[in-house]
Ligand code: ASP
């Protein structure tokens, strides 16, 4: 889409839709279970050209929550809808609804059983990032110089019912501004909200004039100091990419023209 001159906003929404549909990732089909054994999904999207954003929280029926977020962005107001009302709004706007069980996979069900068992044994803190997390996100710079970011998640395995993370919170898990960068985060959502993570990267680039690399690393370090796992993907207005994380690994990749990079652990 980007090589054909398409818009960053459409490209990130499309990329995240693909990831939501892929059972390997914790978003859409393959989302983590909450502790009651069903799925509540969060997603958002932001357009760096206009500063518009859309988000949904704790939705249970929209097949692709990121598309509901995109539709809200297009409508402009409201920006964020949650729960059943968001599901109904999205369906009324022509988006596909599916049974909640269609987000389930065997491996996520096993992860829930393991996590509940760990909690009983008091070893929940030792669970791997893989067991708990796996939010998906995409950022893009298009040929017209516009930036956009999108994020989608099932949250973390065995989260409390009704818990909302950073992914639908604009400025925490998602941010895009054509003057600076586009950011999408994954990790302990509560800490992303407390550090206003994605927006802080933008601020550090805009005011002290830090590079994307320095600002993104500082944002991850702020979460490290709070003892949380964090990672992000970001691109700046010049096309520089930053993919910092403080965990064992992070599934990540970028593509620029005919160059491509994918990695899980360190290089
Ligand atoms: N950030 C997500 C949340 O807290 C979880 C994750 O990234 O895996 O909901």
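The values are calculated or read from the model by the stated rules, or taken from the named source; none is laboratory data. Quick caveat: nothing in here was measured; it's all calculated off a predicted structure. Positions of Cβ are backbone-derived with ideal geometry, glycine not excepted, and every protein chain shown enters the neighbour counts.
In the set 228, 165, 189, 185, which member is crowded, with 19+ Cβ neighbours inside 10 Å, over 14 Å from the mean Cα position of the chain (by Cα) and within 11 Å of the ligand (Cβ to nearest atom)? Step through it out loud before you land on a result.
Values: 165 fails: over 14 Å from the mean Cα position of the chain (by Cα); 189 fails: over 14 Å from the mean Cα position of the chain (by Cα); 185 fails: over 14 Å from the mean Cα position of the chain (by Cα).
From the options 228, 165, 189, 185, the qualifying one is 228.
Might you check whether a residue that is over 15 Å from residue 155 (Cα atoms), assigned to a strand (DSSP E or B) and at pLDDT 95 or above occurs anywhere in the stretch 24-46?
The first filter runs over the stretch 24-46 and keeps only residues over 15 Å from residue 155 (Cα atoms), leaving 45-46.
Retained after the next criterion (residues that are assigned to a strand (DSSP E or B)): 45-46.
Checking the rest, the ones that are also at pLDDT 95 or above come to 45-46.
Yes, the stretch 24-46 has at least one match.
Quick check on residue 59: is it in contact with a helix residue (DSSP H, G or I) (Cβ under 9 Å, 6 or more places away or on another chain), without any contact (Cβ under 8 Å) to a residue 40 or more places away in the chain and within 23 Å of residue 104 (Cβ to Cβ)? Even if it seems obvious, please write down each step before you answer.
Values: in contact with a helix residue (DSSP H, G or I) (Cβ under 9 Å, 6 or more places away or on another chain): yes; without any contact (Cβ under 8 Å) to a residue 40 or more places away in the chain: yes; within 23 Å of residue 104 (Cβ to Cβ): yes.
Spelling it out, residue 59 is indeed in contact with a helix residue (DSSP H, G or I) (Cβ under 9 Å, 6 or more places away or on another chain), without any contact (Cβ under 8 Å) to a residue 40 or more places away in the chain and within 23 Å of residue 104 (Cβ to Cβ).
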Which is surrounded by 19 or more Cβ atoms within 10 Å (Cβ to Cβ), touching a strand residue (DSSP E or B) at 6+ places or on another chain (Cβ under 9 Å) and more than 13 Å from residue 137 (Cα to Cα), of 219, 234, 263, 238? 219
Exactly one of 189, 185 is touching a residue at least 24 places away in the same chain (Cβ under 8 Å) and farther than 12 Å from residue 233 by Cα, and that one is 189
Is it the case, given these coordinates, that residue 173 is within 30 Å of residue 107 (Cβ to Cβ) and at pLDDT below 95? no
Yes/no for residue 102 being within 16 Å of the ligand (Cβ to nearest atom) and surrounded by fewer than 19 Cβ atoms within 10 Å (Cβ to Cβ): no
Evaluation of residue 198 against (1) within 16 Å of the ligand (Cβ to nearest atom); (2) in a helix (DSSP H, G or I); (3) surrounded by fewer than 20 Cβ atoms within 10 Å (Cβ to Cβ) (one fails), failing number: (3)
Inspect all residues belonging to the stretch 119-127 and state whether any of them is surrounded by fewer than 17 Cβ atoms within 10 Å (Cβ to Cβ), assigned to a loop (DSSP other than H, G, I, E, B) and more than 15 Å from the ligand (Cβ to nearest atom). yes
Hits in the stretch 134-155 (condition: within 12 Å of the ligand (Cβ to nearest atom) and either modelled with pLDDT of 95 or more or surrounded by fewer than 24 Cβ atoms within 10 Å (Cβ to Cβ) (or both)): 136, 137, 151, 152, 153, 154, 155
